[in-house]
Amino acid sequence: MNYFEFYEIPISFRPDSGDLRRKFLLTSKKYHPDFYTLESDEKQAEVLELSTINNQAYKTLSNLDSCMGYVLRLKGVLKDGQTQSLPQTFLMEMMEVNEDIMDLQFAFVQDKYENLLQQLEYTEKELETAVEPMLNSNTVEDEHLEPVLEYYFKKRYLHRIRENMEKLKS
């Protein structure tokens with residue numbers, strides 16, 4: 001089931017949070033299993049499924065990363081199990097960061113660690129700024145799909161780097 005159709009809202013990378021929350025709460029009330037205890041087993045199962053879809057839809061659409069991935073899959077640009085295809089320039093830039101992380105594994109220096117974090121934050125902000133108008137648009141245009149897909153993959157890559165850095169702290 002298409003979550004946007006389920007909530008009767010337009011497809012977008014950043015659905016209006018207030019509207020989304022209202023739709024979620026109304027749907028939660030409408031399909032709450034406690035209101036259907038006297039119904040047939042089939043009706044109870046249907047309501048339980050709709051309640052589950054409601055929770056999954058809200059969880060997916062209220063988180064930017066999850067929503068981006070969902071929209072990209074919905075539009076057929078992102079396939080399940082698809083591997084990242086990142087530009088060589090970005091990978092070269094990240095190779096330097098990864099080398100610095102490896103250096104920290106052998107000799108942890110707090111200042112170097114903090115500088116790397118700042119560098120990652122700057123890179124993330126720079127990437128987000130480039131696609132911000134596309135993400136904030138009320139509709140998803142076909143010409144926005146490829147740039148947002150690239151951003152999605154880069155953001156996931158940076159997230160993995162951050163996870164590796166978190167391991168260094170302990």
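Just to be sure I understand, how many residues within the range 1-24 are buried (at least 19 other Cβ atoms within 10 Å of the Cβ), charged (D, E, K, R) and under 22 Å from residue 128 (Cα atoms)?
Here the count works out to 0.
Taking into account only those residues within the range 117-132 that are surrounded by fewer than 13 Cβ atoms within 10 Å (Cβ to Cβ) and of a type in the set (Ser, Thr, Tyr), which is farthest from residue 162 (Cα to Cα)?
Only one residue tops the list, namely 129.
Within 15 Å of the chain's Cα centre (by Cα) and assigned by TED's automatic domain parsing to the domain that holds residue 156: is that true of residue 115 in this structure?
Here the answer is no, as residue 115 does not meet what is asked.
So residue 39 clears everything in (1) surrounded by 13 or more Cβ atoms within 10 Å (Cβ to Cβ); (2) within 26 Å of the chain's Cα centre (by Cα); (3) outside the structural domain of residue 143 (by TED's automatic domain parsing) except one condition, right? Which one?
Only one criterion in (1) surrounded by 13 or more Cβ atoms within 10 Å (Cβ to Cβ); (2) within 26 Å of the chain's Cα centre (by Cα); (3) outside the structural domain of residue 143 (by TED's automatic domain parsing) is unmet by residue 39, namely (2).
Just name the residue that is surrounded by the most Cβ atoms within 10 Å (Cβ to Cβ) out of those in the range 136-161 that are farther than 20 Å from residue 85 by Cα and in contact with a Lys or Arg (Cβ under 8 Å, 6 or more places away or on another chain).
Ranking the qualifying residues of the range 136-161, first place goes to 140.
Which condition breaks for residue 99 when tested against (1) surrounded by 11 or more Cβ atoms within 10 Å (Cβ to Cβ); (2) closer than 26 Å to residue 168 by Cβ?
(1)
Among 91, 26, 72, which is modelled with pLDDT of 90 or more, under 30 Å from residue 115 (Cα atoms) and not polar (S, T, N, Q)?
Answer to the selection: 91.
Of all residues being of a type in the set (Lys, Arg) and without any contact (Cβ under 8 Å) to a residue 60 or more places away in the chain in the range 67-90, which is surrounded by the most Cβ atoms within 10 Å (Cβ to Cβ)? Just the residue, please.
Among residues in the range 67-90 that are of a type in the set (Lys, Arg) and without any contact (Cβ under 8 Å) to a residue 60 or more places away in the chain, the one surrounded by the most Cβ atoms within 10 Å (Cβ to Cβ) is 73.
Condition check ((1) charged (D, E, K, R); (2) touching a residue at least 60 places away in the same chain (Cβ under 8 Å); (3) out of contact with any helix residue (DSSP H, G or I) (no Cβ under 9 Å at 6 or more places or on another chain)) across all residues:
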site: 53; (1), (2), (3): no, no, no
site: 56; (1), (2), (3): no, no, no
site: 62; (1), (2), (3): no, no, no
site: 92; (1), (2), (3): no, no, yes
site: 108; (1), (2), (3): no, yes, no
site: 111; (1), (2), (3): yes, no, yes
site: 126; (1), (2), (3): yes, no, yes
site: 132; (1), (2), (3): yes, no, yes
site: 157; (1), (2), (3): no, yes, no
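The values are calculated or read from the model by the stated rules, or taken from the named source; none is laboratory data. This structure is a prediction, so every number in the text was calculated from the model and none was measured. Glycine gets a Cβ as well: all are built from the backbone with ideal geometry, and neighbour counts include every protein chain shown.
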